[in-house]
Amino acid sequence: MPTPPPRPPSVLLTGFGPFLAHERNPSGECLEEARALLAEAGVAAACEVLPVSAARAARRVLERFGEVAPDAVLMTGLAAREREFRVERVALNFSDFDEPDADGALVRESAVVPGAPPALFAPVDVRAAVAALQAAGLPARVSTSAGSYVCNHLYFEVGWSLGREAEAPPWLFLHVPPVEAGGAEGVPATGARVAGAVATLAGWLVSQARRPPPR
């Protein structure tokens with residue numbers, strides 16, 4: 001029998017839908033365009049737009065992970081006051097919402113996963129991830145706090161679950177700045193630039209899939 005062609009590298013991309021006063025969320029809106037860019041580079045992407053829900057977001061990511069078995073997972077969310085792309089180094093085992101999530105839940109000073117460590121570090125070289133974005137002409141920086149709202153809640157819960165896999169895939173969280181018509185300095189003026197950033201970082205993350213984590 002002929003040998004089947006090798007499976008192309010793959011990534012699971014997630015973003016969020018609208019929440020609170022943010023009627024548009026570029027982290028979710030950009031995913032299909034990012035998928036098309038990745039396809040051109042030979043990387044298959046599965047996309048999922050998540051509810052801004054502490055109870056439902058991570059559960060859906062882990063369900064999709066089981067369905068598609070990707071080589072890497074890139075989660076994204078909106079940093080509404082940011083002017084750069086933020087690659088998150090740390091996920092905290094701590095939630096403290098200033099405002100309710102999409103389900104009306106107001107989580108206050110609670111562990112994301114009771115009994116788990118207080119924090120998780122991304123299993124890849126975050127500075128190298130930022131350098132990949134900068135090399136593509138995108139303003140980016142390392143961030144040491146994903147906050148204490150749903151983005152961080154998702155990051156910790158997914159990282160804690162995936163990190164216990166026998167062959168854990170690399171996982172990472174990217175905060176994207178808002179899309180603003182008129183293009184204030186440092187802010188992407190179009191969703192295309194957000195999609196390009198997501199595709200760039202996803203491609204880089206897939207390339208790390210079978211490398212040992214940095215010391």
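On the stretch given as region 148-163, residues that are under 17 Å from residue 78 (Cα atoms) and buried (at least 21 other Cβ atoms within 10 Å of the Cβ) total 7. For region 83-95, give me each residue that is over 22 Å from residue 11 (Cβ atoms), in a loop (DSSP other than H, G, I, E, B) and modelled with pLDDT of 95 or more. Listed by number, the residues that qualify are 93, 94.
If you check residue 33 against the conditions, is it charged (D, E, K, R), assigned to a helix (DSSP H, G or I) and closer than 18 Å to residue 161 by Cα? The answer is no for residue 33. Every test in (1) of a type in the set (Gly, Ala, Ser); (2) touching a helix residue (DSSP H, G or I) at 6+ places or on another chain (Cβ under 8 Å); (3) crowded, with 19+ Cβ neighbours inside 10 Å is passed by residue 28 save one, and that test is (2). Going through region 63-82 one residue at a time, which ones are assigned to a loop (DSSP other than H, G, I, E, B), crowded, with 16+ Cβ neighbours inside 10 Å and out of contact with any helix residue (DSSP H, G or I) (no Cβ under 6 Å at 6 or more places or on another chain)? Passing the criteria: 70, 79, 82.
Applying the set (1) under 20 Å from residue 18 (Cβ atoms); (2) free of Cβ contacts under 8 Å to residues at least 40 places away in the same chain; (3) not hydrophobic (A, V, I, L, M, F, W, C) to residue 82 leaves exactly one unmet item: (2).
The values are calculated or read from the model by the stated rules, or taken from the named source; none is laboratory data. Owing to the predicted nature of the structure, the values given are computational and were not obtained by experimental measurement. Cβ: placed from backbone, ideal geometry, glycine included. Neighbour counts: every protein chain shown.
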